[in-house]
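Structure first, then comments.
No lab work stands behind these numbers, since they all come straight from the coordinates. Values in this document were obtained by computation on a predicted structure and should not be read as measured data. Cβ placement follows ideal geometry from the backbone for every residue including glycine, while neighbour counts extend to all protein chains displayed.
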Amino acid sequence: MAVLKPRHAAAVFAVLLALVAAPAHAQAPPAPTEYQVKAIFLFNFSQFVDWPAASFADERSPLVIGVLGRDPFGATFDEIVRGETVNGRPLEVRRYGSVEQIDACHILFIERSQDERLDAVLAALKGRSVLTVGDFEGFLRRGGIIRFVTVGNKIRLRVNLAAAQDAKLTISSKLLRPAQIVAPGQD
């Protein structure tokens, strides 16, 4: 039988004491909220979509992820993108109260409070390479590009490829593979 040196014995005792004192059912960290998951999706979209070079003022311009309407993400969104870059571009989150405030924006989450104005919002963005994302009924049918849909407590993606092509965006097959592609006029 091996004999433990005093300092090793003390370390083993400390570990055993910690194990005995630890609760039998230590709490797992809380599950992420719906909008924390959606914020992570939005961040990941920046890695799987290609924008035309003309979408950026220059090669150092940030890739902007915008939120139009009430902000359901809060500070979580800013924390997710802080210090991140995609293709050498820094990521930046901007919040907009109206479509008229949108200048340079590459991914735009259109919050459900904008439902009644969606047609006007999409018309104002026509001809610009903006990946529009929403989570409410009718979003794709009216011309949005990606819709978050909750199915059995999981967030799924539906994609309107025709709208993406109209916006001159190329969506990677890695993003399309788990998504449901919808025909124009469907949701």
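Data overview
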read-out	value
Longest to shortest principal axis, alpha-carbon extents of the chain, angstrom	78, 40, 32
With Cα atoms, 0 to 90° folded angle of helix 6-21 axis to the chain main axis	60 degrees
Candidates D135, D166, D58, ranked by Gaussian network fluctuation over the chain, Cα under 10 Å, top entry	D58
The chain: most fluctuating residue of G127, G138, G66 per GNM, C-alpha cutoff 10 Å	G127
Gain upon complete extension [I40, R142; 0.36 nm per residue less C-alpha separation]	34.2 nm
Efficiency of FRET from Cβ geometry, Q27 and I181, R₀ 35 Å, rounded to 0.05	0.30
Efficiency of FRET between D50 and T150 - r from beta-carbon atoms, R0 30 angstrom, step 0.05	0.60
Relative contact order %, the chain, counting alpha carbon pairs below 8 Å whose residues are six or more apart	19 percent
Footprinting exposure proxy for R156, R177 (fewest neighbouring C-beta atoms within 10 Å first)	R177, R156
R117-A75 pseudo-label distance in nm [points 7 Å out on the Cα-to-Cβ vector]	2.7 nm
For region 27-70 versus region 82-110, the gap between their alpha-carbon centres in whole angstrom	8 Å
